[in-house]
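The block underneath contains the structure these notes are about, expressed in structure tokens.
The values are calculated or read from the model by the stated rules, or taken from the named source; none is laboratory data. Remember, predicted model here, so these are calculated numbers, not experimental data. Positions of Cβ are generated from backbone atoms using ideal geometry, with glycine treated the same way; all protein chains shown enter the neighbour counts. To get the accessible areas, we keep the full protein, side chains included, count just its heavy atoms, and leave off ligands, DNA and RNA. Shrake-Rupley method; radii C 1.70, N 1.55, O 1.52, S 1.80 Å.
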Amino acid sequence: MSLHHPKVRRAAIAFILVTAVLDIVAMGIVIPVLPHLIEEFVGSNARAGLLNGVFVALWAGMQFLASPVIGSLSDQYGRRPVILISCAGLAADYVLMALAPSLWWLAVGRLIAGVTSSSFTTIYAYMADITEPDKRARAYGLIGAAFSGGFVLGPVLGGFLGEFGPRVPFWVAAFMSGVAFLYGLFILPESLAVEKRMKFSWRRANPIGAMILLKRHAELTGLAVVNFLLYFAHHVFSAVFVLYAGLRYDWGPWQVGMLLALVGVLDMIVQGVLVGPVSKKLGDRMTMILGLCGGTVGIALMGWAPTGVAFIIAMLPNALWGLAMPTLQSLMTRRVSESEQGQLQGANMSVASIAGVASPLFFGWVYSVSVGEGFGPVRTWLSGVGIDSTLASVVVDAISTPGLAFYLAAVVLALAALIGWITARRAERDEVTLV
């Protein structure tokens, strides 16, 4: 039977969601402990914030290079082999990082992880293969919910295992990626029919060539900018959250893991339950804008939150952020053909990876200087240009807050909402679904 047969399609969706969950659990396990492992090597919270940003940027940089290649390979050879190879590569990489005797080993591990974790590109393309265009927002919401489910279990396990040592979670992550590989090997069916495949081409598979696809329509370009800004803002969490929570609220791996699990639960509710009915009622454009605005409010409140309880409360409006990504993906996939879905997802991942390189470096630097003495020269400069020294001190004290990175992320997300509103409104006026 065809994958578009209801029973076969439901089974295929279940298979890809389980694969996604296992993949994300493995990644989520190491989140609460990796920054602390870096801090253990360098001996400084501020410096660890900067270096953690560098490590995230290394990971994203490799995704930038690898995602278009992986997306195009999946367009030619199918989704299944690409997903399997990625899972096996992640398992080997976590073993490497578990054994890392120095920061250099960890850096190499992050480089490899950037390549192998690019299977996300193929997972989104897989879902596009088996889902009608008008139902993709809900389908992508299910993927987002599966990712969130992985982040519920992953950080909790990571926080718990981290209490036994910062390297233990890496071994468990290797095991989970191995399970994902075996599950896919025996269960996961292929989604891309042979007659719909497109021959691999380096012209399309390099990052610049892949992103040329995004210039096909002005609306696609605008939505790609929203995608960039969304990921740029989101990386404030991967860059500074663990260290920020430890410094401001004295949270260790266990507390951070539990909080990330709560984030995952909220995300599962939003993406797995709310995206479908909300997008059906409001449309993809308004649902996307609602999500971006909710995220803006939530992330700004996180920067302000004077207590851990206030931070947790701020997670409620921030959870609406989960409405944005599935609907953004849905709007974009309508503007390319079936044979180009892998290329589109590769291009999207390249855009996200550019944000993933620039954002952690930026937010890591902002956090480092905002909790240290980095803004001292600003006070000197303000005084030098004639600003009253008292006023200069007020300005510097205002920006010398651990929450500065979150405030700046909120500004970025608000800009994404504005651009998304303008672009998607224009797209609705001239919407053409390519078959």
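For residues in the range 308-350 being of a type in the set (V, I, T) and surrounded by fewer than 24 Cβ atoms within 10 Å (Cβ to Cβ), which is modelled with the lowest pLDDT? Steps first, answer last, please.
Taking the range 308-350 first, the residues of a type in the set (V, I, T) are 309, 312-313, 327, 333, 336.
With the extra rule that they be surrounded by fewer than 24 Cβ atoms within 10 Å (Cβ to Cβ), the set shrinks to 309, 312-313, 336.
Working: V309: 91, I312: 91, I313: 92, V336: 68.
It comes out as V336.
For the range 73-143, which fully contained helices (runs of 4 or more DSSP H) count at least 1 residues that are over 25 Å from I38 (Cα atoms)?
On the way: elements: 79-98, 103-116, 119-129.
Fully inside the range 73-143 and qualifying: 79-98, 119-129.
Could you identify the single residue in L274, L301 that is open to solvent by 10 Å² or more (accessible area, probe 1.4 Å), assigned to a helix (DSSP H, G or I) and either free of Cβ contacts under 8 Å to residues at least 40 places away in the same chain or in contact with a Pro (Cβ under 6 Å, 6 or more places away or on another chain) (or both)? Steps first, answer last, please.
Values: L274 fails: either free of Cβ contacts under 8 Å to residues at least 40 places away in the same chain or in contact with a Pro (Cβ under 6 Å, 6 or more places away or on another chain) (or both).
Selected residue: L301, the only one of L274, L301 that is open to solvent by 10 Å² or more (accessible area, probe 1.4 Å), assigned to a helix (DSSP H, G or I) and either free of Cβ contacts under 8 Å to residues at least 40 places away in the same chain or in contact with a Pro (Cβ under 6 Å, 6 or more places away or on another chain) (or both).
Give me a count of the residues in the range 114-139 that are of a type outside the set (D, E, K, R) and at pLDDT 75 or above. Explain how you work it out, then say what you get.
Filtering the range 114-139 down to residues of a type outside the set (D, E, K, R) leaves 114-128, 130-131, 133, 137, 139.
When the remaining residues are screened for being at pLDDT 75 or above, the result is 114-116, 122-128, 130-131, 139.
The number of residues fulfilling the criteria is 13.
Please verify whether the range 391-403 includes one or more residues that are open to solvent by 30 Å² or more (accessible area, probe 1.4 Å), over 18 Å from F232 (Cβ atoms), at pLDDT 60 or above and of a type in the set (G, A, S).
Yes.
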